[in-house]
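The values are calculated or read from the model by the stated rules, or taken from the named source; none is laboratory data. Worth saying up front: this structure is predicted, and the values here are computed from it rather than measured. All Cβ positions, even for glycine, are placed from backbone atoms using ideal geometry, and neighbour counts span all protein chains on display. Heavy atoms of the whole protein, side chains included, go into the accessibility calculation; ligands, DNA and RNA do not. Shrake-Rupley method; radii C 1.70, N 1.55, O 1.52, S 1.80 Å.
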Amino acid sequence: MICGRCDEPIKEDEPYVTRDIEAASGPGAVIHLHPWCQPVAAAQPLRYPVGRGAQDPWRF
């Protein structure tokens, strides 16, 4: 088995966690994770000032 977060193999004597991911339009997936692997943070969108008097961030 391969860890779904770190892509390292999960050995037979190592503990692991199983997650069932459901899909809306087809079969889901079952992933296995090391319990010590941290989830990857999602990218945050850039927030530009919007409104009256705000400068256009794309104008140079």
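Largest first, what is the accessible-area ranking of Ile21, Ile31 with a 1.4 Å probe?
Ile21, Ile31
Roughly how many nanometres apart are two label points built 7 Å out from the Cα toward the Cβ at Lys11 and Ala43?
3.6 nm
How would Val30, Val17 line up by accessible area, probe 1.4 Å, largest first?
Val30, Val17
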